[in-house]
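Structure record follows, encoded as structure tokens.
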Amino acid sequence: MRRTHTCGELKSSDIGSKVCLEGWVRFSRNHGGVAFIDLADRYGVTQIVFDPEDLPIGADTSTLSNTLRTFTRESVVSVNGIVRKRIAGTEDDRNNTGEIEVLITSAELLNKSAIPPFEIGDQKEGALPNEDVRLEYRYMDLRRTEMIHAMEFRSRFLHLARQYFESQRFLEIETPILARGTPEGARDYIVPSRINSGRFYALPQSPQLYKQMLMVAGLDRYYQIAKCFRDEDSRKDRQPEFTQLDVEMSFIDENDIRSCIENMLAHVWRGLYNKDLQTPFPKISYTEAMEKYGSDKPDLRYELPLENLTNTFKETNYGILKKIVADGGIVVGINVSHTILKEKIGRNDVDRYIDLAKRFGLGGLTWVRIANEELESNIVKYFTPKNKADIKNIMNAKDGDLIFLMAGPKRKTLEGAGLIRKQLAIDLDLIPKNTFQFHWLVDCPMFEVDPISGKKDAFHHPFVLPYDNFKKGACFDILLNGNELGSGSMRINNPEVQVEVLHQIGMSDEEIEKNFGWFIKALGYGAPPHGGIAIGIDRIIAILLNKETIRDTIAFPKNKKAQSLVDKSPSKIDDERLEELQLISLSDNDVDSLTMEEYTEE
Ligand code: ASP
């Protein structure tokens with residue numbers, strides 16, 4: 001080992017020792033012939049001093065001084081020196097090395113840095129360059145304390161998770177990246193096969209079918225820190241490739257999967273925070289989440305529930321509401337009680353919520369205020385006495401409360417009201433900081449119908465075990481602070497049921513055979529009852545570290561346009577390669593899968 005210590009290690013007990021440190025020149029300054037250098041590495045910063053007056057007898061002052069002149073910012077250097085007490089203790093000591101400094105006796109420039117594209121030292125967020133610059137020079141961005149911390153935290157999290165699974169007899173098994181497509185609701189990234197020309201692999205959207213086959217194989221407890229790939233149009237804070245903690249178990253039920261994850265997280269919690277995590281996590285049904293909070297991933301750190309006012313508006317003189325209800329729509333209300341309102345939202349602010357509702361495509365949002373136990377607003381005159389009494393009762397309205405009313409088609413209105421609820425919580429400062437509230441979303445439907453295309457699709461994916469005559473799926477989501485961290489389910493292990501579910505989402509026998517025949521065949525060889533879950537690692541780390549984007553938890557993320565700026569990918573490839581891969585004339589690419597015989601012929 002060349003260095004004797006890291007840059008975050010020396011303390012007063014080391015005073016007098018001869019040391020060798022290696023690291024990056026973060027900052028240097030000169031005070032009347034005395035030079036100070038902040039030498040940094042992953043572990044911290046140590047102050048290095050060059051003081052010609054204080055050098056040991058015989059030291060080559062001029063060589064040393066010339067070497068130090070080459071120590072430009074972010075160059076990587078090696079210094080030898082003696083630890084001494086720091087004369088003026090610094091206020092800004094971030095690294096426990098504030099008691100000491102190293103009096104330099106010899107130094108070497110290991111490698112010069114080009115002029116850094118931005119300042120690396122600790123700085124206010126606002127001083128950072130735009131994200132594209134950070135991503136282009138990611139190796140520099142990762143030198144920042146905040147990024148180092150994110151990488152360390154993520155590594156520690158994964159280590160603790162692995163530790164838990166290993167202690168529970170799980171096997172860590174890697175599944176293929178060059179794979180057959182697995183539907184998880186996005187497009188596949190495809191990879192052409194040169195050897196099997198005209199054919200393609202898909203990068204897995206998840207290891208779903210492989211992990212299920214591992215259960216058929218009898219390897220009854222599997223986990224993997226798995227890379228998943230989904231080619232989605234840029235959606236907020238998603239990455240084309242991301243990491244899931246992927247789990248599958250046999251001879252279990254839904255509750256076993258949930259407790260396994262609760263116990264794993266409790267173990268991670270103790271390791272990270274030295275605290276107990278409250279388990280089991282509370283459950284909320286899909287229907288309650290939608291109807292009470294207007295979201296299938298409600299943030300339950302605050303209340304602000306939606307109340308259903310549809311019934312009362314069956315009879316009203318307010319034509320718009322009457323028509324909405326007659327057409328099968330709903331009316332919901334949110335009561336912002338005077339106890340939380342505290343004048344934070346005035347009359348003029350209400351327009352902002354109306355605007356937000358409009359942008360979401362929710363036609364009607366209006367409001368009433370309660371004063372002297374009466375409803376007040378310009379629409380109240382159209383309400384019947386029963387309308388007024390019902391609103392007051394159902395909304396539990398008190399003087400000073402502000403009530404938002406939203407109406408329209410059911411799903412759209414609930415989701416719109418959910419958005420308004422969220423915005424209100426932000427504006428009213430209702431969201432507690434540093435609280436981690438896990439929940440399970442349970443009792444989910446098996447299928448959902450896309451409101452635009454009318455197409456019926458699996459709510460999660462088509463491998464979920466249906467029950468209640470295919471109305472419900474044995475699936476659930478894990479939520480944290482209003483974010484979906486992942487989902488899990490019991491799986492179909494009966495080939496006929498699997499075929500039926502695929503039929504129900506509109507696949508023909510032919511399509512089923514072509515796309516999933518191989519998998520349904522596997523289910524026919526004694527597939528045990530099994531189930532599992534996958535948890536998004538990037539997302540959970542981002543929430544725990546309070547990051548606005550998951551990109552800040554990933555060493556080399558793609559930007560919002562799915563580009564990797566550091567290596568300029570995706571990139572064009574030569575025509576020669578395209579020809580070799582038979583990608584030039586794609587139109588007649590209608591080849592079936594290789595038969596088993598064709599594979600074995602090789
Ligand atoms: N494969 C699912 C997903 O990626 C998770 C699971 O059901 O295990 O969302």
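The one condition from (1) out of contact with any strand residue (DSSP E or B) (no Cβ under 7 Å at 6 or more places or on another chain); (2) farther than 22 Å from residue 119 by Cα; (3) among the basic types (Lys, Arg) that residue 42 does not meet is (2).
So which strands (runs of 3 or more DSSP E) stay within region 450-539 end to end and still have 3 or more residues that are of a type outside the set (Lys, Arg) and either surrounded by fewer than 22 Cβ atoms within 10 Å (Cβ to Cβ) or touching a helix residue (DSSP H, G or I) at 6+ places or on another chain (Cβ under 6 Å) (or both)?
On the way: elements: 456-458, 475-480, 483-490, 530-536.
Here the list reads 483-490, 530-536.
For region 147-187, the candidate set comprises residues that are within 22 Å of the chain's Cα centre (by Cα) and modelled with pLDDT under 95; within that set, the residue that is most open to solvent (accessible area, probe 1.4 Å) is 187. Quick check on residue 202: is it more than 15 Å from the ligand (Cβ to nearest atom) and either in contact with a strand residue (DSSP E or B) (Cβ under 6 Å, 6 or more places away or on another chain) or of a type in the set (Gly, Ala, Ser) (or both)? Spelling it out, it is not the case that residue 202 is more than 15 Å from the ligand (Cβ to nearest atom) and either in contact with a strand residue (DSSP E or B) (Cβ under 6 Å, 6 or more places away or on another chain) or of a type in the set (Gly, Ala, Ser) (or both). Within region 129-146, the set of residues being buried (at least 16 other Cβ atoms within 10 Å of the Cβ) and among the hydrophobic types (A, V, I, L, M, F, W, C) comprises 135, 140, 142.
In region 218-241 there is at least one residue matching the filter, namely being farther than 30 Å from residue 521 by Cβ, within 16 Å of the ligand (Cβ to nearest atom), under 20 Å from the mean Cα position of the chain (by Cα) and of a type outside the set (D, E, K, R).
Screening 309, 321, 300 for residues that are hydrophobic (A, V, I, L, M, F, W, C) and surrounded by fewer than 19 Cβ atoms within 10 Å (Cβ to Cβ) leaves exactly one candidate, 300.
Residue 413 meets the conditions (1) of a type in the set (S, T, N, Q); (2) within 16 Å of the ligand (Cβ to nearest atom); (3) surrounded by 20 or more Cβ atoms within 10 Å (Cβ to Cβ) in every case but one. The failed one is (2).
Kindly indicate whether any position in region 13-23 is open to solvent by 20 Å² or more (accessible area, probe 1.4 Å), in a helix (DSSP H, G or I), free of Cβ contacts under 8 Å to residues at least 60 places away in the same chain and farther than 18 Å from residue 144 by Cα.
So in region 13-23, the residues open to solvent by 20 Å² or more (accessible area, probe 1.4 Å) come out as 13-18, 22.
Going one step further and asking which of them are in a helix (DSSP H, G or I), we end up with 13-14.
Remaining after also requiring free of Cβ contacts under 8 Å to residues at least 60 places away in the same chain: 13.
Okay, now just the ones that are also farther than 18 Å from residue 144 by Cα, so 13.
Within region 13-23, one or more residues are open to solvent by 20 Å² or more (accessible area, probe 1.4 Å), in a helix (DSSP H, G or I), free of Cβ contacts under 8 Å to residues at least 60 places away in the same chain and farther than 18 Å from residue 144 by Cα.
Counting only strands (runs of 3 or more DSSP E) that fall entirely inside region 332-427 and contain at least 3 residues that are in contact (Cβ under 8 Å) with a residue 40 or more places away in the chain and of a type in the set (A, V, I, L, M, F, W, C), the qualifying elements are 402-408.
Contact map, region 517-538: residues that are within 22 Å of residue 268 (Cα to Cα) paired with residues that are more than 16 Å from the ligand (Cβ to nearest atom) and outside any helix (DSSP H, G or I), Cβ distance under 9 Å, separation 6+ or inter-chain. Pairs shown: 538/554; 538/557. Looking across region 359-374 at every residue that is in contact with a strand residue (DSSP E or B) (Cβ under 8 Å, 6 or more places away or on another chain) and within 23 Å of residue 292 (Cβ to Cβ), the one that is surrounded by the most Cβ atoms within 10 Å (Cβ to Cβ) is identified as 368. For region 432-460, the set of residues classified as within 28 Å of residue 266 (Cβ to Cβ) and within 16 Å of the ligand (Cβ to nearest atom) consists of 440, 441, 442, 444, 460, listed by residue number.
I'd like to know if region 312-319 contains one or more residues that are among the charged types (D, E, K, R) and without any contact (Cβ under 8 Å) to a residue 60 or more places away in the chain.
Filtering region 312-319 down to residues among the charged types (D, E, K, R) leaves 314-315.
From the residues that got through so far, the ones that are without any contact (Cβ under 8 Å) to a residue 60 or more places away in the chain too are 314.
Scanning region 312-319, I find at least one residue that is among the charged types (D, E, K, R) and without any contact (Cβ under 8 Å) to a residue 60 or more places away in the chain, so the answer is yes.
For (1) in contact (Cβ under 8 Å) with a residue 40 or more places away in the chain; (2) under 19 Å from residue 554 (Cα atoms); (3) within 12 Å of the ligand (Cβ to nearest atom), each residue gets a yes or a no:
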| residue | (1), (2), (3) |
| --- | --- |
| 184 | yes, no, yes |
| 188 | yes, no, no |
| 196 | yes, no, no |
| 211 | yes, no, yes |
| 259 | no, no, no |
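Counting the residues of region 165-206 that are farther than 28 Å from residue 265 by Cβ and β-branched (Val, Ile, Thr) gives 3. Within region 261-287, the set of residues being open to solvent by 30 Å² or more (accessible area, probe 1.4 Å), of a type in the set (Val, Ile, Thr) and farther than 18 Å from residue 247 by Cβ comprises just one member, 287. The combined condition, being at pLDDT 95 or above, of a type outside the set (A, V, I, L, M) and more than 23 Å from the chain's Cα centre (by Cα), is not fulfilled by residue 124.
Looking at region 495-514, can you tell me whether even one residue there is among the hydroxyl-bearing types (Ser, Thr, Tyr) and within 16 Å of the ligand (Cβ to nearest atom)? No, region 495-514 contains no residue that is among the hydroxyl-bearing types (Ser, Thr, Tyr) and within 16 Å of the ligand (Cβ to nearest atom). Looking at region 535-553, is at least one residue farther than 21 Å from residue 155 by Cβ and basic (Lys, Arg)? Within region 535-553, not a single residue is farther than 21 Å from residue 155 by Cβ and basic (Lys, Arg). The number of residues in region 428-449 being buried (at least 17 other Cβ atoms within 10 Å of the Cβ) and in a strand (DSSP E or B) comes to 7.
Can you say whether residue 334 is at negative phi and open to solvent by 60 Å² or more (accessible area, probe 1.4 Å), as far as the supplied structure shows? Give the steps one after another, and end with the answer.
Values: at negative phi: yes; open to solvent by 60 Å² or more (accessible area, probe 1.4 Å): no.
Here the answer is no, as residue 334 does not meet what is asked.
For region 389-409, indicate whether the set of residues that are in contact with a Phe, Trp or Tyr (Cβ under 9 Å, 6 or more places away or on another chain), open to solvent by 60 Å² or more (accessible area, probe 1.4 Å) and away from the ligand (no atom under 16 Å from the Cβ) is non-empty. Looking through region 389-409, none of the residues is in contact with a Phe, Trp or Tyr (Cβ under 9 Å, 6 or more places away or on another chain), open to solvent by 60 Å² or more (accessible area, probe 1.4 Å) and away from the ligand (no atom under 16 Å from the Cβ).
On the given criteria, is residue 270 of a type in the set (D, E, K, R), part of a helix (DSSP H, G or I) and away from the ligand (no atom under 14 Å from the Cβ)? Spell out the reasoning first.
Details: of a type in the set (D, E, K, R): yes; part of a helix (DSSP H, G or I): yes; away from the ligand (no atom under 14 Å from the Cβ): yes.
Here the answer is yes, as residue 270 does meet what is asked.
In region 27-61, which residues are assigned to a helix (DSSP H, G or I) and not acidic (Asp, Glu)?
Filtering region 27-61 down to residues assigned to a helix (DSSP H, G or I) leaves 52-54, 61.
Of everything in region 27-61, those that are assigned to a helix (DSSP H, G or I) and not acidic (Asp, Glu) turn out to be 52, 61.
Within region 474-494, the set of residues being touching a Gly at 6+ places or on another chain (Cβ under 7 Å) and either of a type in the set (A, V, I, L, M) or more than 16 Å from the ligand (Cβ to nearest atom) (or both) comprises 478, 485, 490.
The values are calculated or read from the model by the stated rules, or taken from the named source; none is laboratory data. Nothing here was measured: the structure is a model prediction, and the numbers come from that model. A quick note on method: Cβ atoms are made from the backbone with ideal geometry, for glycine too, and the neighbour counts reach across all protein chains shown. Note: areas computed on protein heavy atoms with side chains; ligands, DNA, RNA excluded. Shrake-Rupley method; radii C 1.70, N 1.55, O 1.52, S 1.80 Å.
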